[in-house]
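The values are calculated or read from the model by the stated rules, or taken from the named source; none is laboratory data. Quantities reported herein were computed from a predicted structural model and do not represent experimental measurements. Cβ sites come from the backbone with ideal geometry, for glycine too, and all protein chains shown count toward neighbours. Areas reflect the complete protein model, heavy atoms only, side chains present, ligands, DNA and RNA absent. Shrake-Rupley method; radii C 1.70, N 1.55, O 1.52, S 1.80 Å.
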Amino acid sequence: MPTLLEALEEKYGMEPDEKEEHVEEEVLVSIFVPKLPPRQSTPQLLILNDCNIDRAGEPEDLKKKCRIVKELDLAQNKLNNWNEVFVILSHMPRVEFVNLSLNHLTGPIQKPPVTKMDHLRNLVLNNTKLEWCSVEKLLRLLPALEELHLSLNEYTHVLIDTVNPTERSNSANSERGSTDEGSSEGTATDASSNNNTHDGSATSQTKEQQQQKEVEDETPYASCSCSTSSGEPQQQQQQTDAEEPPPLQTDPHGGVRKLHLTGNYISEWGEICRIGRVFPQLEALVLADCPLRSLKPTDPQGNESEEESHKYFQNLKLLNLSNAKIDSWEDIDRLAEFPSLCNVRLQYWPLWARTDSTTEHERRQLLIARLPNISILNGGDTIGAVEREDAERSFIRHYLDKPDAERPRRYYELIGVHGQLDPLVNIDLRPERKVKVRFTFEDKAIERTVDVNRTVSDLKSRLERLFDVPAARMRLYYVDQDFRDLQGLEEMKYPHKVLYSYNIRSGDEIIIERKVKS
């Protein structure tokens with residue numbers, strides 16, 4: 001398999017020391033000589049995907065060729081060693097975008113040749129099966145990272161967090177213990193002495209943690225394993241197939257603004273909250289094709305917690321939840337509580353299958369009315385003031401006939417804005433299909449219901465059974481009840497003319513005469 005350097009030379013030409021030897025010296029030709037010969041220059045956007053690359057190549061030649069590269073696409077190659085990746089990146093000091101999708105990069109991260117990559121802003125690691133411990137290590141090395149793609153990596157849980165789960169559970173237990181009633185004075189005294197001891201050792205404990213962190217930063221990353229947590233033997237951390245290891249405690253990364261997790265198997269919003277803690281400045285979160293069941297956080301036992309869904313997403317502006325498994329309007333109301341959210345995608349939810357009685361337009365109106373801060377819905381145009389007002393008024397009328405128990409809180413908020421609205425009058429502008437007409441023949445009069453979609457010929461064939469007059473010998477005259485005195489009779493002489501073209505209404509009259517033989 002070729003190295004990156006070999007793939008580069010194969011795609012962009014011969015080696016730089018090869019010269020063309022058939023230039024005639026006698027012929028004087030003016031030519032343009034670029035600063036770098038074409039076969040030495042590498043583009044700033046370097047695309048070498050699907051080239052079977054598995055290694056970096058000769059470091060010095062790679063450094064000469066790739067020093068100006070800013071965007072690197074190595075998707076669908078054979079890279080499986082992070083050390084080779086770091087060697088490549090170390091010779092591209094200006095690189096800002098790297099795509100390593102479809103490379104099998106599951107192995108642990110060794111100590112890289114460079115401590116940090118200060119220019120890399122966009123990293124794509126889709127379908128690499130990258131473990132969370134490697135993600136945590138990469139975040140330390142990429143202080144300028146702004147956009148991270150981790151789609152299709154088969155994640156079921158988010159195994160990074162800023163909170164140590166052990167400390168969190170101990171804190172919760174201590175809070176519950178402090179509220180217990182009936183404790184003896186002796187116990188309270190012991191607790192007080194323990195607290196004093198803890199305060200006295202806080203400074204030394206902090207120093208130990210700092211020293212431990214410095215040691216970890218200096219040691220290679222080969223000991224990283226997602227099945228272990230820092231400071232505990234691997235034997236104590238073995239998990240069954242049904243259990244997930246505890247999340248790694250890491251520092252918040254304030255640079256990441258966009259995160260893509262499309263196509264993973266994360267189903268609980270509590271896992272997503274860990275993402276919010278690690279990336280507090282997150283502005284765009286793509287969770288399309290993730291089987292999320294609700295936006296309500298849950299505790300480790302699966303019970304709903306009192307934590308707010310939006311607590312860790314104060315800067316989130318875009319959220320893609322298409323193809324989620326959400327089936328509750330309450331989750332729509334939770335979206336309205338995200339303070340900065342203005343762009344959402346909520347397509348293909350089971351909730352919409354339950355609302356088949358409404359049209360697509362009506363569903364859009366219900367969503368717009370429930371989400372007052374959303375300006376772009378499902379990738380459509382910006383929601384204008386007129387469309388929002390129409391949606392909110394339609395929302396009020398939608399719940400007018402519903403009992404109070406079924407009316408959401410948003411209904412009463414909109415009543416305060418638009419007031420109590422009356423139901424719309426259902427006006428049917430379609431013409432009457434069947435009308436009652438008076439038929440008169442000589443001294444006989446009969447009222448019958450007539451379908452106005454029938455023709456004059458068809459009407460005559462039906463009347464011949466009532467008045468014993470052959471249709472071929474029958475003349476019909478239409479009399480409009482409102483214009484009887486002004487326009488008189490109108491003969492219905494065209495057999496294929498449809499009755500509604502005469503504007504026949506209930507109460508009108510048709511006079512029948514028998515044709516006289518000539």
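Subtracting the Cα-Cα distance from 0.36 nm times the residue separation, let me have the gained length for S461 to D118 in nm, one decimal.
114.3 nm
Please work out the FRET efficiency for the pair K64 and Q281, using the Cβ-Cβ distance as r and a Förster radius of 51 Å; give the result to the nearest 0.05. That pair, K64 with Q281, gives E of 0.85.
Couplings for segment 146-163, taken from phi via the Karplus curve 6.51 cos²θ - 1.76 cosθ + 1.60 with θ = phi - 60°, read 10, 9, 10, 10, 10, 6, 6, 9, 6, 6, 9, 9, 9, 9, 9, 6, 8, 10 Hz in order; Gly and Pro are left as x.
Taking all protein chains together, H119, H398 sort by accessible area into H119, H398, largest first [probe 1.4 Å]. The accessible surface of segment 434-514, taken with every protein chain in place and a 1.4 Å probe, is 44 percent carbon and sulfur.
Per residue, the accessible area of segment 270-363 comes to 46 Å², computed with a 1.4 Å probe over protein heavy atoms only.
In Å², what does the accessible area per residue of segment 434-514 work out to with a 1.4 Å probe? Display every interim value, and only then the final one.
Numbers: 4990 Å² over 81 residues.
For segment 434-514, the solvent-accessible area averages 62 Å² per residue.
Residue ranking by accessible heavy-atom surface, 1.4 Å probe, largest first, among V456, V163 comes out as V163, V456. One way to sum up the overall shape of segment 434-514 is the equivalent ellipsoid from its Cα gyration tensor, whose semi-axes run 17, 14, 13 Å, largest first.
Shape class of segment 380-423 from the Cα gyration tensor (axes a ≥ b ≥ c, square roots of the eigenvalues): prolate, since a/c reaches 1.5 or more and a/b is larger than b/c. Among C342, C273, the order of accessible area from largest down is C342, C273, computed with a 1.4 Å probe on protein heavy atoms.
Please give me the summed charge of the neighbours of I383: other residues whose Cβ is under 12 Å from its Cβ, Lys and Arg +1, Asp and Glu -1. Residues close to I383 contribute a combined charge of -3. Working from label points 7 Å from Cα in the Cα-to-Cβ sense, the D390 to E244 distance is 4.3 nm. Of K402/K434; K65/K317; K111/K296; K258/K325, which sit over 31 Å apart, Cα to Cα? Long pairs (Cα-Cα over 31 Å): K402/K434; K65/K317; K111/K296.
Among I511, Y411, F467, whose Cα sits farthest toward the positive end of the charge dipole of segment 400-518 (+1 at Cβ of Lys/Arg, -1 at Cβ of Asp/Glu, about the Cα centre)? Of the options given, the answer is F467.
Across the alpha-carbon set of segment 263-376, the Rg to Rh ratio works out to 0.95, Rh being the Kirkwood radius. Output ³J(HN,Hα) for segment 86-91: one whole-Hz value per residue in order, computed from phi by the Karplus curve 6.51 cos²θ - 1.76 cosθ + 1.60 with θ = phi - 60°, and x for Gly and Pro. For segment 86-91, the Karplus curve yields 5, 4, 4, 5, 5, 9 Hz. Over all other residues within a Cβ to Cβ distance under 10 Å of T298, the charged ones net out to -3, with Lys and Arg as +1 and Asp and Glu as -1.
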